[in-house]
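**Q** What follows is a single structure, and I will ask about it in a moment.
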Amino acid sequence: VGLHNWEFWRPKSLLDTARFTLSFKSWHRKKHQDSRALWKHEAVQKYLETLSKEYQQVSHLLNADSINDFEQRTLRRRCADLSPIAAAFQEIKEAEREVQELEAMCRELDSRDEKQLLELALEEKETLDKQINMLCRKLFQLLVPKEKYDRSHVILEVTAGRTTGGDICQQFTKEMFEMYQNYADYKHWTFDIVNYTPAEIGGLHHAAAHISGDDVYRHLKYEGGTHRVQRIPETGLSSRMQRIHTGTMSVIVLPQPEEVDVKVDPKDLRIDTFRAKGAGGQHVNKTDSAVRIVHLPTGLAVECQQERSQQMNKEIALRTLRAKLYQQIIEKQLSQEQSARKLQLGTRAQSERIRTYNFTQDRVTDHRISYDARNIREILSGKEALDKLINRLLEFAEIEAVTEYLENLQALEGGGC
């Protein structure tokens, strides 16, 4: 039997969402939906059953003598794609059967003599529930295609916003930059400061860093946007007013693949040198080692004062400029692929307010997923609490991608209705 005769063979990508026209009418998206809730949806079960059957058919075909070498190679690739999905699907099904058996047993264990056995059964059920949640997350991670730039290193920039007094934004910007520096250390990434422009009263006007390591862009890509702070300032002019001030700072995250193939004509560049400011040793105010490069056609400007050598700073600034120009290409591709919708996770635009840090209520709110976290200091420490928030964003994005695909599939099967 030729491969073209098998209907299940049609999708080359498990979630090739760009090919379909969106239809949101057939599905009510729940804002607080998690992996476990999505798993229980009838359409998800139907789709996974189809993939599981396809895996069995592909495995059977691989053992047939009638297929040629090309078909065998194609089948092997498809089998490799489907195998972990089918395995996770069966693991969840088996774990759910065990939960049902425990629940049935618990209903029968109601006498005092069986209280200890009941407690053990409930503990085992709780362990199985956690295992199912973990497997559901793993399954949807397998279904969602990896973004092209997820494994890339990044250029992360922070810039203070404006408010009455100004110092609240600058202090918050410094805290945020230190938070990402600590998070890089927590994730065992390398954090190299490219530019650092401090404010006079101890805050930070602007800073940039090159962060390298495993899956850096995947974890930081949803940090880009406007972060809002609400607090009574502790220092500076605003602290004398003893009232809550609101300020903002912006974060930009640029993926930087190892090889950024963007040609820059030297004629299009204006290169200025100036004396570095801030931390960096006694040399900073004695030599014009800092470099600013302006790309005249686009108006993009980058600075670097990381190194003592003007030439090294120039090379780093050029690398950053190429990353920014590359980002424009990426954004154009993303806007084409996602032209029919705006991600609930946001457009990643710098002007979009994505998160509020309310110090008086000791609460951090991510507006894209309606997620509240207590203990701001724990978040700003850049460790486990921030990692939990970032992983919740990633899980929500995965659920959105799976949900969208199933909506598209329903629309396709229903003739777009």
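**Q** Given axes a ≥ b ≥ c from the Cα gyration tensor, I'd like to know whether region 35-143 is rounded (a/c under 1.5), prolate (a/b larger than b/c) or oblate.
**A** On the way: a/c = 3.64, a/b = 2.79, b/c = 1.31.
Cα axes put region 35-143 in the prolate bin.
**Q** Taking the Cα centre of region 120-234 as origin, work out the dipole magnitude from +1 charges on Lys and Arg Cβ and -1 charges on Asp and Glu Cβ, in debye rounded to 20.
**A** Working: 14 positive and 17 negative charges, 95 e Å.
It works out to roughly 460 debye.
**Q** Using a 1.4 angstrom probe on the protein heavy atoms only, line up Ile168, Ile232 by accessible area, largest first.
**A** Values: Ile168 5, Ile232 65 Å².
The residues order as Ile232, Ile168, largest area first.
**Q** Which value, in debye to the nearest 20, gives the size of the charge dipole of region 35-143 about its Cα centre, when Lys and Arg are +1 and Asp and Glu are -1 at the Cβ?
**A** Magnitude of the dipole: close to 640 debye.
**Q** Quick one: which of Lys93/Lys388; Lys93/Lys130; Lys148/Lys221; Lys53/Lys130; Lys221/Lys324; Lys187/Lys324 span more than 19 angstrom between C-alpha atoms? Working shown, then result.
**A** Numbers: Lys93/Lys388 27 Å; Lys93/Lys130 14 Å; Lys148/Lys221 12 Å; Lys53/Lys130 27 Å; Lys221/Lys324 14 Å; Lys187/Lys324 24 Å.
Over 19 Å apart, Cα to Cα: Lys93/Lys388; Lys53/Lys130; Lys187/Lys324.
**Q** Also, I was wondering about something else. Of all accessible surface on region 35-143 at a 1.4 Å probe, what whole percent is carbon and sulfur?
**A** Numbers: 3250 of 6800 Å².
Whole-percent figure for carbon plus sulfur exposure: 48.
**Q** Sticking with this one: Kindly identify region 131-221 as rounded, prolate or oblate by the Cα gyration tensor criterion: order the square roots of the eigenvalues as a ≥ b ≥ c, call it rounded if a/c is under 1.5, otherwise compare a/b with b/c, prolate if a/b is larger, else oblate.
**A** prolate
**Q** Using only protein heavy atoms and a 1.4 Å probe, report how much of Val291 is accessible, in Å² to the nearest 10.
**A** Result for Val291: roughly 0 Å² accessible.
**Q** List the aspartates and glutamates whose Cα sits under 12 Å from the Cα of Lys146, skipping any in the same chain fewer than 8 residues away.
**A** The reachable aspartates and glutamates, counting only those whose Cα sits under 12 Å from Lys146, are Asp16, Asp215, Glu398.
**Q** Also, quick follow-up: Which value, in Å² and to the nearest 10, is the accessible area of Leu122 when all protein chains are kept and the probe is 1.4 Å?
**A** For Leu122, solvent-accessible area is about 90 Å².
**Q** Per residue, how much accessible area does region 50-182 show when a 1.4 Å probe rolls over the protein heavy atoms, in square angstrom? It would help to have the intermediate numbers written out before the result.
**A** Values: 7700 Å² over 133 residues.
Here the residues of region 50-182 average 58 Å² of exposed surface.
The values are calculated or read from the model by the stated rules, or taken from the named source; none is laboratory data. All values reported here derive from a predicted model rather than from experimental measurement. Because the Cβ atoms are built from the backbone with ideal geometry, glycine has one as well, and the counts that use them run over all protein chains shown. Please note that ligands, DNA and RNA were not included when accessible areas were found on the heavy atoms of the full protein model with its side chains. Shrake-Rupley method; radii C 1.70, N 1.55, O 1.52, S 1.80 Å.
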